[in-house]
Structures are given as C-alpha cells and as structure tokens.
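The values are calculated or read from the model by the stated rules, or taken from the named source; none is laboratory data. Note that this is a predicted model, so its numbers are computed, not measured. Every residue, glycine among them, receives a Cβ derived from its backbone with ideal geometry; neighbour counts consider all protein chains shown. Surface areas here come from the heavy atoms of the whole protein model, side chains and all, with no ligands, DNA or RNA. Shrake-Rupley method; radii C 1.70, N 1.55, O 1.52, S 1.80 Å.
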Amino acid sequence: DSTDGFQTYRDRSFDVRYQLKKESRIWPSITVGLQDFAGTGIYAGEYVVATKSFDSVGSIPGTFKVTAGLGWGRLASSGAIGSPLGGPRPAFDAQSRGGSPSFDQWFRGEAAPFAGVEWQINDRWGLKAEYSSDAYEAEAVNRGVFTRKSRFNFGAEYQYSDRLRLGAYYLYGSEFGINAQLQLNPKQPAAPLRVTPTAPIKQRPSRASQPEAYSTAWSETQSAPQTMRDQLKPVLKSSGLTLVALQVGPSSAELRFRNGTYGAMSVAVGRAARAMAQVLPASVETFRIVPVQNGLAQSAVIIRRSDLEALEFDPQAADALLAVTGFGAATPNLPGAAVNGDLYPDFAWSIGPYVDPSYFDPDDPVRADAGIEGSFKFRPAPGWEIGGLVKHRLLGNVNDSTRLSNSRIARVRTDGLLYSQASDTALANLYVSRQWKPGNDVYARVTAGYLERMFGGVSTEVLWKPVASRLALGVEANYVKQRDFSGFGFQSYGVATGHASAYYEFGGGYLGQVDVGRYLAGDIGTTVTMTREFSNGWRVGGFFTLTDVSSTDFGEGSFDKGINLSIPVSWFLGTPGQRTINTTIRPIQRDGGARLSVPGRLYEQVRSGHRNAIESEWSRVWE
C-alpha cells in the first residue's frame, strides 16, 4: 500500500493563474498561480514566476525564453530554501472531501526555486531544459511509478503542422518519453466559414430625375401588402431567412423574420435589409427589421434605406451604418400585417448519433454511452411547441459503474446510474410549451410534461429584458416529481423549485448570471455563472453553487461546480449554422445544488436578437 493511503488514486485538479505584468522591453512578464487550489491537496502548489524573451543571444539564431520562479506546496518538495512568508503548511488529508478552496495552504510553508530555458531555433524546432523543484513524492516515492535521480529535465519538440506537434523528453535523470499533441485553436476554424454572397443594394433613382418612382399611390391598393409579402418571401429564402410577417406603409415597413441559418444575427439583419431594398417601392424609406425566435419578437433594428444606399461601399461601412442605426422594442404583435400562412402548423424531426460522456468515476474516470437519438418538434401556432427526445444506447460503459448513491439528502441526481441501468431506450423528454410576450420588454413561458430524464411537471418563467439594457431579470417557478427509472410514470418524491435570476452583459464577450432560489433536493442557495463568448461562436464558462447543504451532507466535492463549453458546428464544417456542441464538465455530480433542466429557457432566446448581441457582431452586417 502507498504511504498516502491510496493504492490507486485518481483526482480532479483545478488550476488558475493571473498575469500580474506583461513583458516589456526591459521587464519580464510576472505571473502568480494556484495549482489544485480547490482539491484534496495532493497536487496542490502555488508559484510566482517571471519570464523574459530574447530575440537572439550573440550570434546564436532563434528566440530564447528564460523563466525563473518560486514555488510552494509540491513545487517546494525538492530544494527548499526556507519559508519566506512564514507559517507551516497543513499536511495532506487522505480523507478530505476536497472541492473547497484551500486557503490555509496557499503560499504557506517552505518555498523552492525553479527555472527553465527554451530555445526556439526556428518556426519548427524547439529545445528546452528545466530545473524542477517537484520531488514527485506521490509518483516516485509512494508508488514507484518511476525513479527520480535528477532535478533536471530536457526536451525537444517539432511543430510538424499547424495541428500537430511532436516531442521527445529525458526526465528525472532516468526516463525517456515521447508525445504527440493535436492542437485546436478556437481562433483558427477547422474549416474557414463560407457564406454565399448576396446581391448589392438596389439603388433607387434620384427623386429629382424620376419623381414618379416615389409615388405612394400603391399604398392605396388593398392587396399591396400581400403582393409585397409574396415577392419578398423567395428573396429572403435565398438568403437563408424566413418571412414571418410584413407590415407596409407609404414610407416605412416592418419585416419580421426567422433566422435559422446564421450564428451572427447581424448577418441576418444585413441580408434582410438588402432584401427589403430589392423588393419594396422607392417611397419606403424606413426599415424596421425584427428577428423572431420561437414566436418571440426580439427587437426592432431601424435602418434608413438611404443610409444603406450611401454607405455600402464606404471604407468604414459597418461602423458608419451602425452610427445611424436605431434599436427599439418590438411590440408583441403586428396588427394588420401580411403574415406568412405557410409557417403553421409546422412539424420537424431529426435522427442521428449521440455520445453521452460521464467523468470522474473513481473506478473509471472517463465513461461514455453512444447510440441513436430521435427528436421531433410540432408547432401548431406561434409560440406553441410540442417536443420530444428518445435515445437508444447501442454501446457504452456508463451503466457498468458500481458506484450507487450514498447521499444523505434527496437523491435527485446521484441515482442517475439507476436510470442508465433501467433500459437501453430512454424517453429523455416529452413536453408541451407556450411562450409569448405580455409586454414590449417582458417575455413569458409555460412548459409541462417530462421536462428531463429524471423529473417531470410544470415549469413557468417570466423575463424582463429591455432591448438596449445590459441587465435582465427573471423568475422561474416549477413543481416537479421524480420520474420512474423506466421513464414512464412517477415516483413519490415531489418538490417545488425555482429561482430569481439576474443576468448582466459586462462587455467584451463576458456574461454574468446569478440565480437565487430552491433546488431539486429542497436546498436553498445561490448559483454564480461567468461565461466568455467569442466572436467565432465559442463559449466557455464556469459556475459554482452554494446552498444550505453542509459540505459533509453534500459529500465528495463539498459543493456543486463545473465548466460549460459550447462549440458551434459551423466551426468544423465551414458552413453557416446555429447548431452547437454543448457539454458540462463537473468534478462530480451530487444532489446538493442540483437544478431542473428545462428545454427553452428564455434568456438565451431573447438576448441573441437584442442590441448588445447584434452590435458585438456588427462588422459582419454587410456579408
């Protein structure tokens, strides 16, 4: 048995680092970091490190990076020089549940220096050497995985291509190693995005040369709105958009449309504007362009036609158009509009493969199921939706786990294994939903049925979100019962759960969310989420939840936390689309802080067509 109490040990490690100072011509960059800062402590270490780059040394070509720093924790387990900040460091607790920040360990106890140098010979080859202050006690001493004879490590790396890097290493004075790195850079799509170009703005004749072109006599014809609707529908369709409704007056028009093609709403707005300029009479000067998402009118983007005509070929066309574009609230309905009668009823379905990963089972840290899933959505009228999702597992090992729940509170998530073992075919959800706008800035939703794999019931939501506001406020109230493991019927456990939520757009792609309320196990607390959204559609964020469940009752991990990742499929395919690959990585799934999963929550539906989201991608309005 190993001396730290584990024969085989698997753990999650969360690291964070912050660059205190960027490198300048004279000064190095300075970074402070925490390693395994919220874990059990077996990998824990802290450091302060400085790095300086040099273009060349004497006549030696290439670029050099020299790094030196001071480490604590396991980064001071070899070659320690004392305790510069004083105080002993608490010992690793083999029974620790982990999950909580180890404040009592940070920068405590002995410290040790470490250093390294990297020589980038050219854009392909690099050599590196380091002096390590890590004794690798858990690996070399306790388990004998390798023999550590030296504090020096050496490596050589070759950048074979933009996506592949190869390396060879001599480590610890006793071991050789090789690796291959497959590299993905979110800034470099796997396939460049290809958007079909549209026709340029159709220029109107000057009013002085052809005043008759600006006649409004057409507006007195009763059939004019329907005629223009029918002319505009195919033009929008060729641009990847769907006409919902068109209201036309002598000098202004409002178009409501669906965007099912473009991840950036600004692209859809620009294409809708060009379609209107191509079809509508010359007297129509003001365009109100309203994106509609699942029956909800999001906002009104107000553009003057003359600005489109004048600015299309301006050197700063996007910025110039934004300066003269207005944003306003979209009314819940559009009386007197010529609607697209082909939209409802609407039925859509899909079938395809799925992969459901499961992480951090101590017996097998990565498990996964794979199979076929089928879904459908039936929309009988605007705002109404009946939907469902069925999954059939073909292979996998999630249900091979033997880790049954030992929860001290209601088992609202830790019985997930029993759901997986009950059947290879699962009805993931089956629901009916209605959403609408009670006012210009207010949105509402009611959903009932099997809301998720483990719970069914009724969910209600109201969201307040003005078009130009960074702040949104929402309230969600639900009553649900736990579903049978087989998927049909219900167990006896029921709970009223819900949250009051605040959402804020900080700018620069940063989004914050705070939810306060009651969770599925009946515990009361708060979830804090911070997300970074990138211009290419990638989203990455983290969250944590603290409730009145103690860390002892919560169990391993102490409290709920995790990382959310969303990747647009268009990044891989190079064609416009709104589909995304979404995953949530939790160190462990317990019952405390567990929130109901409901299809179609309002905030993301609404904000995608509001001012900040459109402006953030406005540079693409002319695509």
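Annotations
- For the chain, the dipole from Cβ point charges (+1 on Lys and Arg, -1 on Asp and Glu) about the Cα centre works out to 980 debye, to the nearest 20.
- Whole-number Å³ per residue for the convex hull built on Cα positions in region 131-177: 88
- Candidate lysines for bridging to Lys21, where Cα separation is under 18 Å - those fewer than 8 sequence places away on the same chain excluded: Lys52, Lys65
- Viscosity 1.567 mPa s, temperature 4 °C, Stokes-Einstein D of the chain from Kirkwood C-alpha radius, µm²/s: 45
- Dipole orientation for the chain: of the candidates Phe103, Tyr479, Thr552, Tyr479 has the Cα lying most toward the positive pole (charges on Cβ; Lys, Arg +1; Asp, Glu -1).
- Nonpolar atom fraction for region 424-543, defined as the carbon and sulfur part of the 1.4 Å probe accessible area, stands at 65 percent.
- Of all accessible heavy-atom area on region 214-273, the percent that carbon and sulfur account for (1.4 Å): 47
- Calculated FRET efficiency for the pair Leu85/Val442, C-beta based, R₀ 41 Å, to 0.05: 0.15
- Segment Ser375-Val32, length gained on full extension (0.36 nm per residue, minus Cα span): 118.7 nm
- Acute angle (nearest 10 degrees) that the helix 265-279 long axis makes with the longest principal axis of the chain, alpha-carbon atoms: 20
- Solvent-accessible area per residue for the chain (1.4 angstrom probe, square angstrom): 49
- Helix axis angle, 224-238 relative to the chain longest principal axis, alpha carbon, degrees: 30
- Spin-label model distance (nm) - Leu343 vs Phe103, 7 Å beyond Cα toward Cβ: 5.3
- Cα-projected label distance for Leu166 with Ser551, points at 7 Å along beta-carbon direction, nm: 4.7
- Solvent-accessible area of Ser59 with every protein chain in place, 1.4 Å probe, in Å² to the nearest 10: 120
- Shape of region 191-332, Cα gyration tensor, a/c cut at 1.5: oblate
- Length gained when the stretch Asp230-Arg124 is fully extended (0.36 nm per residue, less Cα-Cα span): 32.3 nm
- Residue (of Ile524, Ala300, Ala191) at the positive-pole extreme of the chain, dipole from beta-carbon charges: Ala300
- Length-normalised contact order for the chain - Cα pairs under 8 Å, 6+ apart - percent: 10
- Taking a ≥ b ≥ c as the square roots of the eigenvalues of the Cα gyration tensor, region 436-515 is prolate, since a/c reaches 1.5 or more and a/b is larger than b/c.
- Sequence-distant aspartates and glutamates (8 or more away, or on other chains) whose Cα lies within less than 17 Å of Lys481: Asp415, Glu452, Asp523, Asp591
- Contour minus Cα-Cα distance for Ala502 and Val57 (0.36 nm per residue): 154.8 nm
- Computed over the alpha carbons of region 501-566, Rg followed by Dmax gives 13.8, 42 Å.
- Flagged links, alpha-carbon separation over 24 Å, of Lys391/Lys561; Lys128/Lys187; Lys187/Lys391; Lys237/Lys377: Lys391/Lys561; Lys128/Lys187; Lys187/Lys391
- Helical mean residue ellipticity (222 nm; -39500 (n - 2.57) per DSSP H run of 4+; nearest 500) of the chain: -3000 deg cm²/dmol
- Arg25/Ser223 FRET efficiency (R0 60 Å; Cβ-Cβ; nearest 0.05): 0.25
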